[in-house]
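Asks: Here it is: the structure, laid out below.
Coordinate-derived values only; no laboratory data. None of the values given here were measured: they were computed from a predicted structure. Cβ placement follows ideal geometry from the backbone for every residue including glycine, while neighbour counts extend to all protein chains displayed.
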Amino acid sequence: MSRNRIQTHGHGDAEMRAVLSPYHGVTVSRRRASHWLLIAVICVMAAGCGVRFDMEDQPRYETYQKSDGIFSDGRASRTPPDGTVARGHLNEDKAFYTGKIDNPDLNAQVESTTDASGNTLVTSFPNAIDEFPLPVTRELIDRGEERYNIYCIVCHGPVGAGDGMIVRRGFSQPPTYHDDRLRNAPVGHFFDVITNGWGRMNGYAASIPAADRWAIVAYIRTLQVSQNPDQALKMNTNTQANTQASPAVEEKPAANTNTSGGATQ
Amino acid sequence: MAQFFQKGANNIARITMIMGVVVAGLAFFAYTQFSRSSYITGQYVELQQPVQFSHRHHVGDDGIDCRYCHTTVETTASAGMPPTQTCMNCHSEIWADSPYLEPVRASFRENKPIEWERVHDLPEYAYFNHSIHVAKGVGCSTCHGEIDNMAAVSQENTLQMEWCLSCHREPEKFIRPKSEIYNMQWQDNDITAEERLKLKEDYRIRSRDMLTSCSICHR
């Protein structure tokens, strides 16, 4: 580009405008106005994009998002009133969901003993079922091992001796699974302990679905045999078990790949 | 009319044009750096939490599994945050009088949730789901770093789209056996590239085209 061309171009442009404007004045000024409008709109839109976040932060509540001012406790959703039954959660199969016999006698007398340190230990469990309400398979026990190692190992220790890490840090020592009292306890009792808690141990129903709780019970039975090989393995399944148990069983994710450890029969 | 522009003006014009391009380039570069900076992405920024909860103590020292607290990470989009009840499973007895835990006890007494500050937060137009990543062999530490070593959680990665895509383009570089998902020390080259390719086949991970399709994350 030579110096001349730049200048000529500049002047030429001005001349052209000067020449054309008498004829096309209105059109040009409108076109010019519309250009300015377009530019202005683009500027406003660009500015808009910069300061508005309604796509980042949409008018709905995400999981765990705080509700501003709607509910006094800050939660965005409500806890259903007690006794509400969600669709598909009628849980009619008592044995499967409570580990208890059909018509539990709430006033049944339980036997108990006192251990060396003066704690009362319950030794009879009249209302607990004695048979698994679902088939016990290798997959169930493997699943139980995995779940036990997540939720129970921290207190009960790797083989259930009651020597987990949290106990070493000061939590009350749980009883070992390997004494006659718990070896002879019916499976329903273990299920009940996991579901509702027992003494100083809290219940785990909120974290562990029923099918997984049964898997853990199956694994505890396996541990008991692994520590006392002479014991007969009591894994009898109630063949009349209500078939309503099966949907919940299918809920469980595919069996894990971790098959090491004491899950042998 | 006298010449308004002197001869030197041409050089000025040229320099101005070159400078314009250079400045625009620099500005763009600065913009890309700025938008990737931790000021924008929140990477490595530690937030003040209502309770000084430490993953190093609970996971590193005490060996509690992630799923003890983040119970839904295998089954739902959200990893799940522990309800106060979960803390009380242990803190009903351990450190039961500690002033550090007063907010936890208050929350339990008053049935009011503890308000944690969110560390990882995607914009709401992007969809993320934990369960599929865990099911297809992407471990927590690939995205969150060595959580078991963090006294306060901070974001290990930018969580920007380019980061998601860097893995969705070639997931075979990052996947691991399912038994190692919760192993915070796992390194990508703990198994060979062939083994990872085999895993990709076993997990039936879909093609690059499908995993980089916009509607997977923007639905």
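Asks: Per residue of A:158-165, count partner chain C-beta atoms within 10 Å of its C-beta, then hand back the mean as an integer.
Replies: Mean partner shielding for this stretch: 1.
Asks: If r is the Cβ-Cβ distance from B:THR192 to A:LYS66 and R0 is 51 Å, what FRET efficiency results, to the nearest 0.05?
Replies: So the FRET efficiency works out to roughly 0.65.
Asks: Could you derive backbone 3J(HN,Hα) for segment A:115-120 from the dihedral phi with the Karplus parameters 6.51, -1.76 and 1.60 (θ = phi - 60°), listing whole Hz in sequence and x where the residue is Gly or Pro?
Replies: Using θ = phi - 60°, the values come out as 8, 4, 8, x, 7, 7 Hz.
Asks: Is segment B:18-109 rounded, prolate or oblate when judged by the Cα gyration tensor, a ≥ b ≥ c being the square roots of its eigenvalues, rounded requiring a/c under 1.5 and prolate requiring a/b larger than b/c?
Replies: Because a/c hits 1.5 or more and a/b exceeds b/c, segment B:18-109 counts as prolate.
Asks: If you don't mind, another one. In whole percent, what relative contact order does chain B give with Cα contacts below 8 Å and a gap of six or more residues?
Replies: Contact order relative to length: 23 percent.
Asks: Can you run phi through the Karplus equation (6.51, -1.76, 1.60; θ = phi - 60°) for segment A:55-69 and list ³J(HN,Hα) in whole Hz, with x for Gly and Pro?
Replies: 8, 5, 10, 7, x, 8, 9, 7, 3, 6, 6, 6, 8, 7, x
Asks: Are there chymotrypsin sites (Phe, Trp or Tyr not before Pro) in segment B:84-159 that DSSP puts in a loop and that have at most 13 other Cβ atoms within 10 Å, and which ones?
Replies: Values: sites: B:TRP95, B:TYR100, B:PHE108, B:TRP116, B:TYR125, B:TYR127, B:PHE128; in loops: B:TRP95, B:TRP116, B:TYR125, B:TYR127, B:PHE128.
Sites meeting the loop and neighbour criteria: B:TRP95, B:TYR125, B:TYR127.
Asks: Next up: Through the Karplus equation 6.51 cos²θ - 1.76 cosθ + 1.60, θ set to phi - 60°, convert the phi angles of segment B:186-202 into ³J(HN,Hα) values in whole Hz; use x for Gly and Pro.
Replies: My calculation for segment B:186-202 gives 4, 10, 4, 8, 5, 10, 6, 4, 5, 4, 5, 4, 4, 4, 4, 5, 4 Hz in order.
Asks: Determine the shape class of segment A:103-205: with a ≥ b ≥ c the square roots of the Cα gyration tensor eigenvalues, call it rounded for a/c under 1.5, and otherwise prolate if a/b is greater than b/c, oblate otherwise.
Replies: Oblate is the answer for segment A:103-205, as a/c is 1.5 or above yet b/c matches or exceeds a/b.
Asks: Label-point separation (nm) for A:SER117 and B:GLN85, each offset 7 Å from Cα along Cα-to-Cβ?
Replies: Distance between the two pseudo-spin positions: 2.7 nm.
Asks: Which of the three applies to segment A:47-107, rounded, prolate or oblate, going by the alpha-carbon gyration tensor with a ≥ b ≥ c and a/c under 1.5 meaning rounded?
Replies: prolate
Asks: So, one more: Looking at B:ASN10, B:MET184, B:TRP116, which one has the Cα that reaches farthest to the positive end of the dipole of chain B (charges on Cβ: Lys, Arg +1; Asp, Glu -1)?
Replies: Result: B:ASN10, furthest along the dipole toward the positive end.
Asks: Now, a different point. Taking amide H positions as placed 1.01 Å from N in the peptide plane, with prolines and chain starts having none, which residues 5 or more places from A:LYS100, or on another chain, fall under 5 Å of its amide H?
Replies: A:ILE129
Asks: Let me ask you something else. Let me confirm the definition first: pairs of Lys residues in chain B, 8 or more apart or on different chains, C-alpha distance under 16 Å. How many are there?
Replies: So the count of such lysine pairs works out to 8.
Asks: So which GluC sites (Glu not before Pro) in segment A:102-157 end up in coil per DSSP with only 10 or fewer other C-beta atoms within 10 Å? Please report the intermediate quantities before stating the final value.
Replies: Details: sites: A:GLU111, A:GLU131, A:GLU139, A:GLU145, A:GLU146; in loops: A:GLU111, A:GLU131.
Here the sparse-neighbourhood loop sites are A:GLU111.
Asks: I would also like to ask the following. Can you pull the one-decimal nm distance between simple spin-label points at A:ARG87 and A:THR137, each 7 Å off the Cα toward Cβ?
Replies: 2.8 nm
Asks: Across the residues of B:79-86, average count of Cβ atoms on other protein chains within 10 Å?
Replies: 2
Asks: Still on this structure: Counting other C-beta atoms within 10 Å, which of B:CYS90, A:CYS43 has the fewest, and how do the rest follow?
Replies: Arranged by neighbour count, lowest to highest, B:CYS90, A:CYS43 become A:CYS43, B:CYS90.
Asks: Report the Rg/Rh value for segment B:79-150, based on alpha-carbon coordinates and the Kirkwood definition of Rh.
Replies: With Rg and the Kirkwood Rh in hand, the quotient comes to 1.06.
Asks: Between B:LYS7 and B:TYR125, with labels modelled 7 Å along Cα→Cβ, what's the label distance in nm to one decimal, could you check?
Replies: A separation of 5.5 nm, rounded to one decimal place.
Asks: In Å and from the alpha-carbon atoms only, list the Rg and Dmax of chain B.
Replies: Taking only Cα atoms of chain B, I get Rg and Dmax of 24.8, 96 Å.
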